[in-house]
1. Does any residue in the range 479-492 that is polar (S, T, N, Q) come within less than 6 Å, Cβ to Cβ, of a residue that is open to solvent by 70 Å² or more (accessible area, probe 1.4 Å) and part of a strand (DSSP E or B) six or more places away or on a different chain, and which pairs are these?
2. Considering only residues of the range 165-215 that are modelled with pLDDT of 85 or more and among the charged types (D, E, K, R), which is nearest to Leu254 (Cα to Cα)?
3. For the range 275-327: of the residues being among the basic types (Lys, Arg) and without any contact (Cβ under 8 Å) to a residue 24 or more places away in the chain, which is surrounded by the most Cβ atoms within 10 Å (Cβ to Cβ)?
4. Restricting to the range 395-419, name every residue that is touching a Gly at 6+ places or on another chain (Cβ under 8 Å), hydrophobic (A, V, I, L, M, F, W, C) and modelled with pLDDT under 85.
5. Would the range 311-334 turn up any residue that is more than 34 Å from the chain's Cα centre (by Cα) and part of a helix (DSSP H, G or I)?
6. Leu482 versus (1) farther than 23 Å from Glu569 by Cα; (2) of a type in the set (A, V, I, L, M); (3) assigned to a strand (DSSP E or B): which is the lone unmet condition?
7. Being among the hydroxyl-bearing types (Ser, Thr, Tyr), outside any strand (DSSP E or B), open to solvent by 40 Å² or more (accessible area, probe 1.4 Å) and out of contact with any Asp or Glu (no Cβ under 7 Å at 6 or more places or on another chain) narrows it down to one residue among Thr161, Thr166, Thr156; which is it?
8. What's the total number of residues in the range 556-572 that are open to solvent by 50 Å² or more (accessible area, probe 1.4 Å) and in a loop (DSSP other than H, G, I, E, B)?
Amino acid sequence: MEGCDCIEPFWPTDELLIKYQYISDFFIALAYFSIPLELIYFVNKSSFFPYRWVLIQFGAFIVLCGATHLINLWTFTTHSRTVAVVMTVAKVATAVVSCATALMLVHIIPDLLSVKTRELFLKKKADELDREMGLIRTQEETGRHVRMLTHEIRSTLDRHTILKTTLVELGRTLGLEECALWMPSRSGSNLQLSHTLRHQIPVGSSVQINLPVVNQVFSSNRAIIVPHTSPLARIRPVQGRYVPPEVAAVRVPLLHLSNFQINDWPELSAKSYAIMVLMLPSDSARKWHVHELELIEVVADQVAVALSHAAILEESMRARDLLMEQNVALDLARREAEMAIRARNDFLAVMNHEMRTPMNAIIALSSLLLETELTPEQRLMVETVLKSSNLLATLINDVLDLSKLEDGSLELEISVFNLHAVFKEVMSFVKPVAAIKKLSVSAMMSPDLPLSAIGDEKRLMQTILNVCGNAVKFTKEGHISLLASVVKSDSLRDFRSTDFHPVASDGHFYVKVQVKDTGCGISPQDLSHVFTKFARTQSGGNQVNNGSGLGLAICKRFVNLMGGHIWLESDGAGKGCTATFVVKLGACDAYQQPPALPLVWPSHASSDPSGPVARREERGMSNLKPRYQRSI
């Protein structure tokens with residue numbers, strides 16, 4: 001080694017090599033300058049690239065590298081110090097920028113590696129989107145089939161047509177080999193095969209309703225896959241060797257159906273179900289898809305709704321037919337009732353004419369006969385005839401009035417009348433009869449009671465007479481008092497009841513008439529029946545009172561016609577009774593006062609009550625002929 005010269009001697013410059021280096025540095029510089037231009041163009045055109053500042057830094061690094069190669073062209077020959085300084089500055093800048101770029105690449109390499117992960121994520125999202133789009137298309141297809149099936153199902157309201165159409169459309173839409181419907185039997189203990197698509201098995205087959213597979217279908221509101229060997233799947237005959245098909249089953253709620261059976265379906269509650277069984281073709285690898293099962297579930301619900309609508313329609317049609325039959329029967333009954341009313345009115349009119357004429361003759365002749373010389377026995381018999389005749393005439397009048405009141409043909413005869421005279425006339429009828437029974441009678445009219453009023457004088461007098469007549473009839477001893485007054489406006493609310501609502505007005509006023517007696521009274525249980533026609537009450541001695549039971553019933557109807565209210569009060573049997581009624585009358589002006597009429601007052605009203613005059617006054621009560629008297 002000692003004799004070795006390790007230092008290579010200087011090689012003289014080869015102009016050809018220098019020329020090649022010169023040309024290479026020129027093209028390197030040109031390439032370095034073109035690359036940044038391309039990067040600048042890319043950055044300007046790309047609006048989503050996330051590392052623009054890295055590209056700019058990398059471009060600066062390339063430009064500086066190109067600058068060093070460009071400056072290096074002047075170093076191949078003798079050059080000045082300035083060229084050396086520029087060359088040194090360019091290389092120092094290139095070193096700084098290159099180191100910064102290298103460090104920055106270390107920082108962004110993880111981000112660049114994550115681009116692959118993002119690509120995989122986007123691809124996964126794209127696959128999910130494709131699946132969702134496929135699902136949407138499947139749902140749209142399912143919806144289209146559901147709308148089609150619903151349209152076919154609801155095109156009729158016949159229940160058997162609905163079920164048959166459902167099986168046919170499901171078989172065509174889903175490509176089924178068989179489809180059937182199991183309906184609950186009348187007893188509800190088993191399910192019977194009611195409808196099939198291919199009719200491969202006769203209807204009428206049955207399975208027990210308590211089978212596990214049946215309970216499984218009933219307990220789920222979704223379509224489920226059942227074994228092809230289950231009793232529900234026996235909807236076609238077994239044929240040799242074949243690939244077992246998949247069978248789906250879904251429950252069908254039977255909502256508010258009546259008479260629902262294969263031929264005569266029984267009435268079922270809202271918790272009853274039918275089962276629809278659907279079988280795919282055998283000898284195929286086809287399986288049930290989720291969207292097909294969803295289609296079956298929706299169709300089952302639509303069938304349930306259609307069946308309920310059909311049942312409601314059938315029930316409404318039955319109700320309509322029943323209503324029409326009832327209307328026909330009611331119309332027939334109405335016609336018969338109208339004919340009966342006309343026959344009754346004709347009969348009463350004939351009776352009124354044919355019976356009153358001889359009755360009036362009997363009463364008149366009996367009255368005249370009493371005024372002649374008769375033996376006591378003869379007088380007693382004539383008085384009995386006269387009393388019976390008067391009672392019969394009164395009964396005829398009451399029946400005629402009640403008949404007119406019930407058929408609505410009775411109308412009030414409104415006119416201006418002397419109100420005070422009505423009460424005096426009533427007293428002129430009541431006092432002689434009361435004198436026979438040795439009863440004291442008093443009447444009192446309040447000072448504010450108008451002299452005249454507008455209303456039906458005859459019906460008002462008849463009502464007062466009936467009430468006073470009852471007081472005289474059911475009183476053996478004591479007294480009877482009559483009080484007439486005007487009801488004040490602020491007191492009207494005291495008389496309100498469920499069927500009486502008095503309202504004060506300027507052109508009307510309410511008159512209150514109260515009749516008290518010390519007679520036999522009325523028991524509390526009989527008070528509610530006193531205004532019922534033909535009803536009779538019991539006296540204090542538990543004896544049924546005589547009478548037709550029409551007087552108070554007619555009074556109540558007269559009072560109602562006059563816009564009033566009537567009621568009775570009694571503390572019990574043997575404690576007397578108070579009858580009160582309120583009627584609505586019209587107020588009349590001074591120029592509407594009725595003319596003064598000749599007054600007739602029986603001067604012998606206080607004479608012997610057993611004389612013929614008292615008996616004539618008693619007869620006058622039945623005739624009810626109005627006469628005007630002075631104040632009592």
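The values are calculated or read from the model by the stated rules, or taken from the named source; none is laboratory data. Just so it is clear, the structure is predicted and the values come from calculations on it, not from any experiment. Here the Cβ is made from the backbone with ideal geometry for all residues, glycine too, and neighbour counts use every protein chain on show. The area values use the complete protein model at the heavy-atom level, side chains included, leaving out ligands, DNA and RNA. Shrake-Rupley method; radii C 1.70, N 1.55, O 1.52, S 1.80 Å.
1. Ser481/Lys516
2. The extreme case among them is Glu178.
3. Taking the range 275-327 and keeping what is among the basic types (Lys, Arg), we get 286-287, 318, 320.
Restricting the remaining residues to those that are without any contact (Cβ under 8 Å) to a residue 24 or more places away in the chain gives 318, 320.
Working: Arg318: 12, Arg320: 10.
Residue satisfying both the conditions and the ranking: Arg318.
4. If the condition is that a residue be touching a Gly at 6+ places or on another chain (Cβ under 8 Å), hydrophobic (A, V, I, L, M, F, W, C) and modelled with pLDDT under 85, then Leu412 is the only one that fits.
5. As a first pass, look at the range 311-334 and keep what is more than 34 Å from the chain's Cα centre (by Cα): none.
So far as the range 311-334 goes, no, none of its residues is more than 34 Å from the chain's Cα centre (by Cα) and part of a helix (DSSP H, G or I).
6. Evaluating Leu482 over (1) farther than 23 Å from Glu569 by Cα; (2) of a type in the set (A, V, I, L, M); (3) assigned to a strand (DSSP E or B) leaves (1) as the failure.
7. Values: Thr166 fails: open to solvent by 40 Å² or more (accessible area, probe 1.4 Å); Thr156 fails: open to solvent by 40 Å² or more (accessible area, probe 1.4 Å).
Checking each option against the conditions leaves just Thr161.
8. Residues meeting the conditions: 1.
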